[in-house]
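Novice: Input: one structure, supplied below.
FYI, it's all coordinate maths here, none of it is from the lab. Bear in mind that the values here come from a model prediction, so they are computed numbers and not experimental data. All Cβ positions, even for glycine, are placed from backbone atoms using ideal geometry, and neighbour counts span all protein chains on display.
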Amino acid sequence: MNKLYSDLCGLISSEIVYQSDEMTKEHSSDRWYASAAPEVVVIASSTQDVVAVMQYAYKNEVPVYTRGAGVGYVGGCVPVQGGIALSVAQMNQIIELNPADGCAVVQPGVITGDLQDAARDLGWYYPPDPASLRECSLGGNIATNAGGPRCLKYGVTKQYVLGLTVVTAMGKILKLGGRCHKNKTGFDLSTLICGSEGMLGIITEAVLRIIPHPETRAMIGASFTDFSQAASAVQAILDSGVLPSALEITDGFTLSAARDYLGADKLPPGDAYLMVEIDGKISSVASEIAALEVFVKNLGALRTDLAANESECERIWQLRRDFSYSLRHTGLTKLNEDIVVPRSKLVSLVDFATQLQEETGIPVACFGHAGDGNIHTNLMVENYADPEVKSKADEALDKLFTWVLDNDGAITGEHGVGLAKKRWIKQALGKDVFDAHQAIKKSLDPLGILNPGKFLD
């Protein structure tokens, strides 16, 4: 029995402390390729469990890696320096749903889709909708400031965080924000924690904003000859005064993979596909979607697929979900880069991706959130674990991220930096901003025990 395990068993319930190979392996990685085993695993069930662990860890300078559902894409929770993997997955209660206050009080392990379902049962809505909403947890969403297709209209996670309970590296409990929708008391520390990737504190409770649920939604899927035509349609739709709840775009490589995976007859013609969703009152959505279909046809769409109500929308969204499975079906490793560019640079991005593919021989697939420029640019590589292949792929990523930054973009829009993008963080932030990050980190975590080894080290 190692000392860390025995100390923690004596400090908190031994029933929530583990050191078996099975548990340490389970908590060694997320959905990125990196893996490192912790020395022990703690499955917290309360804020007090987290406090006890952090007070011990701070006193003994033990690294702590907080873990939610473990479905991230950048190695954000990988315990690269061993220590304690602190899981909050079992802190999964919706404590309160209060439409009168327009808020929900939740623990960090609540699955995002479960909160959406519970709010919907009351006629209310929690809009942030990452693609993994049936698997990912709200604590992880807050830690990465997750987005999703509907953030064009509704915003990302930070727009829905009213208050947080956070345990610091020293084991102190901070109550940040609260239930009020307007609150300008002191610094906005809740927003500072949102997106901090577990490096500034551990979220044990959140007060989240909910809004009335739209009566219905409708969608149009529209195929175009090429990506440039579809991207022009994106801006034309917005210029027309329509603010869709979601506006997704897909390139020719992805459509080709989908035709191979699903069957050619399951996909529309053309080398680009646009998905436009609107929501609101039943009467207004019916008239708006009809007018939008005519408008899109006049923009040169080869074919339009109309989903006139909420249940029919699932057919088009299923196609969007199948794009990821189609890319996996190629047998290649999908390096899912959630880069962001100004919306005016969408065509330039895909042109660059085509050029990058020609230069490196690595296929590049682009699809995602056209409305806010967050296009998932997927490098499709063989055997990324091979050092030679990895070096070639990293060189291609370096070219991609450099181009994105040179064109006023960002290297991550929703997945976070973690380990995957650590190499490029100084280039993305610049020296002075990086130094400011480190100063904030040192103030809240002077010993550097929260998620060490990630992009601030």
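Novice: Over segment 380-457, what is the relative contact order in percent, taking alpha-carbon pairs closer than 8 angstrom and at least six residues apart?
Specialist: For segment 380-457, the relative contact order is 24 percent.
Novice: While we're looking at this one, here's another question. So if each residue of separation counts as 0.36 nm, and I subtract the Cα-Cα distance between Phe187 and Glu388, what length gain in nm does that give?
Specialist: 67.7 nm
Novice: State, as an integer percentage, the relative contact order of segment 94-212 based on alpha-carbon contacts under 8 Å between residues 6 or more apart.
Specialist: The normalised contact order for segment 94-212 reaches 32 percent.
Novice: Another question about this same structure. Which value in nm describes the separation of the simple spin-label points at Asp260 and Ser240, placed 7 Å from the Cα toward the beta carbon?
Specialist: Spacing of the two 7 Å Cα→Cβ label points: 3.4 nm.
Novice: Residue separation times 0.36 nm, minus the C-alpha to C-alpha distance between Arg321 and Asn298: what's the value?
Specialist: My answer for the length gained is 5.5 nm.
Novice: Out of all DSSP beta bridges with both ends in the chain, state the antiparallel percent to the nearest 5.
Specialist: Roughly 85 percent of the DSSP beta bridges within the chain come out antiparallel.
Novice: For each pair in Lys334/Lys442; Lys334/Lys431; Lys158/Lys297; Lys399/Lys431; Lys182/Lys422, compute the distance between the two Cα atoms and list the pairs where it is over 27 Å.
Specialist: Lys334/Lys442; Lys334/Lys431; Lys158/Lys297; Lys182/Lys422
Novice: Return one number: the angle in degrees, 0 to 90 and rounded to the nearest 10, between the long axis of the Cα atoms of helix 47-60 and the longest principal axis of the Cα atoms of the chain.
Specialist: 60 degrees
Novice: If you take the square roots of the eigenvalues of the alpha-carbon gyration tensor of segment 94-212 and sort them as a ≥ b ≥ c, do you get rounded (a/c under 1.5), prolate (a/b over b/c) or oblate?
Specialist: Prolate, since a/c reaches 1.5 and a/b exceeds b/c.
Novice: Per Stokes-Einstein, at 25 °C and 0.890 mPa s, what whole-number D in µm² s⁻¹ belongs to segment 1-148, with the Kirkwood radius over Cα pairs as the hydrodynamic radius?
Specialist: 152 µm²/s
Novice: Next question. What does the net charge come to around Ile282 if you take all other residues with beta carbon closer than 12 Å to its beta carbon, with K and R at +1 and D and E at -1?
Specialist: Computed value for this residue: -2.
Novice: Cβ neighbours within 10 Å, averaged per peptide: list 250-256, 276-282 in order, most packed at the top.
Specialist: 250-256, 276-282
Novice: If I take every Cα pair under 8 Å that is 6 or more residues apart in the chain, average their sequence separation and divide by the length, what percent do I get for the relative contact order?
Specialist: 15 percent
Novice: Could you list Ser137, Ser348 so that the one with the fewest beta carbons within 10 Å of its beta carbon is first and the one with the most is last?
Specialist: Arranged by neighbour count, lowest to highest, Ser137, Ser348 become Ser348, Ser137.
Novice: Using the Kirkwood radius built from alpha carbon pairs, what does the Stokes-Einstein equation give as D for segment 214-327 at 10 °C and 1.306 mPa s, in µm² per second?
Specialist: 113 µm²/s
Novice: Going through segment 175-260, which GluC sites (Glu not before Pro) have at most 16 other Cβ atoms within 10 Å and a DSSP loop state?
Specialist: Passing both the DSSP loop test and the Cβ count: Glu215.
Novice: Moving on to the next point. Taking the Cβ of Ser326 as the center, what net charge do the other residues with Cβ under 12 Å away carry, scoring Lys and Arg +1 and Asp and Glu -1?
Specialist: Charge balance near Ser326 sits at +4.
Novice: Continuing with the same structure: What chymotrypsin sites (Phe, Trp or Tyr not before Pro) does segment 102-207 have in DSSP loop regions with at most 16 other beta carbons within 10 Å?
Specialist: Within segment 102-207, the qualifying chymotrypsin sites (Phe, Trp or Tyr not before Pro) (loop, at most 16 other Cβ atoms within 10 Å) are Phe187.
Novice: Something else: What's the extension gain from Glu15 to Lys175 if we count 0.36 nm per residue and subtract their Cα-Cα distance?
Specialist: That pair, Glu15 and Lys175, stretches by 54.8 nm at full extension.
Novice: Where does the chain land on Rg(C-alpha)/(2.2 N^0.38 Å)?
Specialist: 1.00
Novice: For a quick check: sort Lys3, Lys441 by the number of other beta carbons within 10 angstrom, fewest at the front.
Specialist: Lys3, Lys441
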